[in-house]
Amino acid sequence: MRVTAVTIHSGQTASFRRIAGLALPALAVLAAEPLYLLVDTAVVGHLGRVPLAGLAIGGTVLAVTAWLGNVLAYGTTGRAARSFGAGSRPAAVAEGVQATWLALGVGLVFVVLAQFGAGPLTSALSGDPEVAAAAHTWLRIASLGVPFILLIFAGNGWMRGVQDTRRPVYYVLGANVLSAVLCPLLVYPAGLGLAGSAVANVAAQITAGVLFLRALIAERVPLTPQPAVLRRQLVLGRDLLLRGAAFQACFLSAAAVAARFGAAAVAAHQIGLQLWMFCAFALDAVAIAAQSLVGSALGAGDVMAARRTGARIGWLGLVSGGGLALIVLALAGVLPHVFTDDEAVLAQAAVVWPWFVAMLPLNGVVFALDGVLVGAGDARYLRNLTFVAALCGFLPAIWAALIFDWGLNGVWAGLTLFIVLRLVAVLLRLRGGAWAVPGSL
């Protein structure tokens, strides 16, 4: 399927219909993986608190690939959208080819590292030998799917850049439905336990990765590595990579601190974090539309359209986050029971819930405006902002939680502070307008 460029006339704000046309298919793709992880958490949760805690530790380590994948996807979307806005689809798709080579290379390195380093790493994070053993088993199997995870992100990146958000829906949803069916079958009737969830995870990733690779080959563009394009992607990706490293340091530290409060605390943290990530990915649908539309407008040299579209995206993010907050608040007495029937875990989940609800409207604005700035190629600012928010907000708060025994309240207060600092900074950046630079990156 070919998608023709959508031109925004000079100074014209992208319509709500156009934003929704890009955001809604992107929402289905973004929600698919965290929705599968929620299913996985629910299935494993009924094995007991140790397997669930093992999944929490192993899943946190594997989340590093989501960070790397988002670097690929976001950087590729911004660059591809600029080329697409300038009228060159082949150049936009070429960005996807180079991102695919990066995905394969990084993915294979991760597999090797995981096979040899999973044991020491999970032991260091868990603080409990039984939990560490469960996490080790899960991570060594799940890591085999990493190259395909990164292929999925690279494919989403160039497809979003050319404003083709529909095909990824079929690829990702189909693969995750397969995995959601396999997971309970492998965990229970097949008797694989926690390992069964990892096998189902890998099956989904291989299926979707192959579909994205086939779509790229069908574009009939040169598939050889292009060092010049790779270098430009790496320059942009460097800032996004460092920004992502700050996120990973925060989330790994949070998991490690939560684990020190016991298996019930880290299991409840896993439930809250997976729900938070599900909402984050859902809210990122607006950010995906922002990346494509803002990048395309700036590629066409239309600064006014980019700025007005950015402002509209921010308001849509607030409305979306507020709506999710109301839903999560209404389901406070229901959702935790989907994942566990352990009373100690449920008690800890009740500690997390108010923080979770309060953050959602703020998340909506922050994630939407992140998308605006990524689409504009303003990665350096986002990198510096994330460092400041992590070093001055999140990390001090969660390590203080450990020192002063604040429990999950301290961990989630740190996450909230992280979001608040980022919110203030991105609003100031959007208002200033220095991010809206026309032309190619």
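Data overview
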read-out: Condition check for GLY439: at positive phi, at pLDDT below 90 and part of a loop (DSSP other than H, G, I, E, B); value: yes
read-out: Spans of helices (runs of 4 or more DSSP H) in region 120-202 with at least 1 residues without any contact (Cβ under 8 Å) to a residue 60 or more places away in the chain; value: 129-142, 167-187
read-out: Matching entry among PHE339, PHE367 (being aromatic (Phe, Trp, Tyr), surrounded by 23 or more Cβ atoms within 10 Å (Cβ to Cβ) and farther than 22 Å from VAL420 by Cβ); value: PHE339
read-out: Meets criteria (of a type outside the set (Lys, Arg), touching a residue at least 60 places away in the same chain (Cβ under 8 Å) and assigned to a helix (DSSP H, G or I)) for ALA397; value: no
read-out: Output for region 326-343, where each listed residue is in a loop (DSSP other than H, G, I, E, B) and free of Cβ contacts under 8 Å to residues at least 60 places away in the same chain; value: LEU331, ALA332, GLY333, VAL334
read-out: Cβ-Cβ under 7 Å pairs, at least 6 apart or on other chains, region 86-107 side over 18 Å from LEU293 (Cβ atoms), far side acidic (Asp, Glu) and modelled with pLDDT of 90 or more; value: VAL93/GLU219
read-out: Among (1) within 30 Å of TRP435 (Cβ to Cβ); (2) touching a Lys or Arg at 6+ places or on another chain (Cβ under 6 Å) - the single one ASP342 does not satisfy; value: (1)
read-out: Test for ALA350: is it of a type in the set (A, V, I, L, M) and either over 30 Å from ARG79 (Cα atoms) or part of a helix (DSSP H, G or I) (or both); value: yes
read-out: Qualifying positions in region 159-186 - surrounded by fewer than 24 Cβ atoms within 10 Å (Cβ to Cβ) and hydrophobic (A, V, I, L, M, F, W, C); value: VAL169, LEU173, VAL177, LEU178, ALA180, VAL181, LEU182, LEU185, LEU186
read-out: Exclusive hit being at pLDDT 90 or above, among the aromatic types (Phe, Trp, Tyr) and over 23 Å from the mean Cα position of the chain (by Cα), set PHE148, PHE116; value: PHE116
read-out: Any hit, region 286-297, residues being touching a residue at least 12 places away in the same chain (Cβ under 8 Å) and either more than 24 Å from GLY377 (Cα to Cα) or surrounded by fewer than 24 Cβ atoms within 10 Å (Cβ to Cβ) (or both); value: no
read-out: Neighbours by Cβ (under 8 Å, 6+ apart or cross-chain): first from region 227-244, closer than 16 Å to LEU382 by Cα; second not in a helix (DSSP H, G or I); value: LEU236/GLY377; LEU236/LEU441
read-out: Yes/no for ARG243 being more than 17 Å from the chain's Cα centre (by Cα) and either of a type in the set (D, E, K, R) or at pLDDT below 80 (or both); value: no
read-out: Criterion violated by ASP341 - all others in (1) touching a helix residue (DSSP H, G or I) at 6+ places or on another chain (Cβ under 8 Å); (2) more than 18 Å from ASP284 (Cα to Cα) satisfied; value: (1)
read-out: Lone qualifier among GLY310, GLY322 - being out of contact with any Lys or Arg (no Cβ under 6 Å at 6 or more places or on another chain), part of a helix (DSSP H, G or I) and surrounded by 24 or more Cβ atoms within 10 Å (Cβ to Cβ); value: GLY310
read-out: Total residues in region 266-285, condition over 15 Å from the mean Cα position of the chain (by Cα) and either small (Gly, Ala, Ser) or surrounded by fewer than 24 Cβ atoms within 10 Å (Cβ to Cβ) (or both); value: 3
read-out: Failed criterion for LEU230 (all others in (1) out of contact with any helix residue (DSSP H, G or I) (no Cβ under 7 Å at 6 or more places or on another chain); (2) modelled with pLDDT under 90 hold); value: (1)
read-out: Qualifying residue in region 378-385 (condition: within 19 Å of MET277 (Cα to Cα) and either crowded, with 23+ Cβ neighbours inside 10 Å or aliphatic (A, V, I, L, M) (or both)); value: no
read-out: From GLY209, GLY244, residue being in contact with a Pro (Cβ under 9 Å, 6 or more places away or on another chain), at negative phi and in a helix (DSSP H, G or I); value: GLY209
read-out: Region 83-101: number of residues that are within 22 Å of the chain's Cα centre (by Cα) and either of a type in the set (D, E, K, R) or within 16 Å of TRP67 (Cβ to Cβ) (or both); value: 2
read-out: Number of the exception - ASP370 against (1) assigned to a loop (DSSP other than H, G, I, E, B); (2) over 16 Å from PHE278 (Cα atoms); value: (1)
read-out: One residue from LEU30, LEU104, LEU55 being at pLDDT below 90 and under 20 Å from the mean Cα position of the chain (by Cα); value: LEU30
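The values are calculated or read from the model by the stated rules, or taken from the named source; none is laboratory data. What you are looking at is a predicted structure, and each value in this text was computed from that prediction instead of being measured. Reconstructed Cβ throughout: ideal geometry from the backbone, glycine too, with neighbour counts over all protein chains shown.
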